[in-house]
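I have placed the structure first, in the form of structure tokens, so that the comments after it can refer back to it.
The values are calculated or read from the model by the stated rules, or taken from the named source; none is laboratory data. Owing to the predicted nature of the structure, the values given are computational and were not obtained by experimental measurement. Cβ: placed from backbone, ideal geometry, glycine included. Neighbour counts: every protein chain shown. Surface accessibility is based on the protein's heavy atoms, side chains included, excluding ligands, DNA and RNA. Shrake-Rupley method; radii C 1.70, N 1.55, O 1.52, S 1.80 Å.
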Amino acid sequence: MRTLLALLFALIATPALAQGWGHYDNDRFGYGLDIPPGFSSQNFSDNGDGESFAAGGKPTYLTVWGGNLTGSFEDEVSQRMAWGESEAWNTTSQTVTPRWANWSAIKGFRMLHQRMVLLCDGTSYAAFRLEYSVTDASAMDPAVERLAQSLRGNC
């Protein structure tokens, strides 16, 4: 029975590992998410809240960070979306709940997808922002989905 379970686990885990995804964990805020294949670290934040990654050879950037809420989670999401709009990003879709939010936007030939989640303590959040060329949109859809599913608190 143990051999069968080990074999089943190996069959399930092998495709995920073969895809070359990495993982980022943030000790300061207690969150983590998967990092797509081909992305390498570009910059650690000075205060330990996150990190930036870039895809080799493409203008594709992933920024991951955590923060303390100064008001409600919904207020923080609204403020982040407003900042994007002030930078000429046009929101194309959005979903906001009391515990998580997703939105996408476009500016010229660039797209972004951002997700925020309320962390376990209820007073902080984790977020990622993925920015890429519109020509890569369909190829990036699976990465966006996996990033969104993997962003969570470590509780």
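Using a Förster distance of 30 Å, how high is the FRET efficiency between residue 149 and residue 74, based on the Cβ-Cβ distance and rounded to 0.05? Working shown, then result.
On the way: r = 22 Å, r/R0 = 0.72.
In this case the efficiency is close to 0.90.
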(request) Starting from the Cα of residue 92, step 7 Å along the direction of its Cβ; do the same at residue 121; then give the gap between the two resulting points in nm. (result) 3.6
(request) Note down the magnitude of the dipole of the chain about its Cα centre, charges +1 on Lys and Arg C-beta and -1 on Asp and Glu C-beta and zero elsewhere, to the nearest 20 debye. (result) 420
(request) Compute the Cα gyration tensor for segment 77-147, then decide on rounded, prolate or oblate, letting a ≥ b ≥ c be the square roots of its eigenvalues: rounded whenever a/c is under 1.5, prolate when a/b is larger than b/c in the other cases, and oblate in all that remain. (result) oblate
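Mind giving me the FRET efficiency for residue 137 and residue 45? R0 is 25 Å, r the Cβ-Cβ distance, nearest 0.05 is fine. Before the final figure, lay out the partial values.
Values: r = 28 Å, r/R0 = 1.11.
Efficiency, rounded to the nearest 0.05: 0.35.
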(request) Summarise the accessible area of segment 18-155 (1.4 Å probe, protein heavy atoms) by the percent that is carbon and sulfur. (result) 50
(request) Please calculate how many Å² of accessible area the chain carries per residue, with a 1.4 Å probe and no DNA, RNA or ligand atoms counted. (result) 56
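Would you work out the Kirkwood radius for the chain? I mean one over the mean of 1/r across all pairs of different Cα atoms, in Å.
Result for the chain, one decimal place: 16.6 Å.
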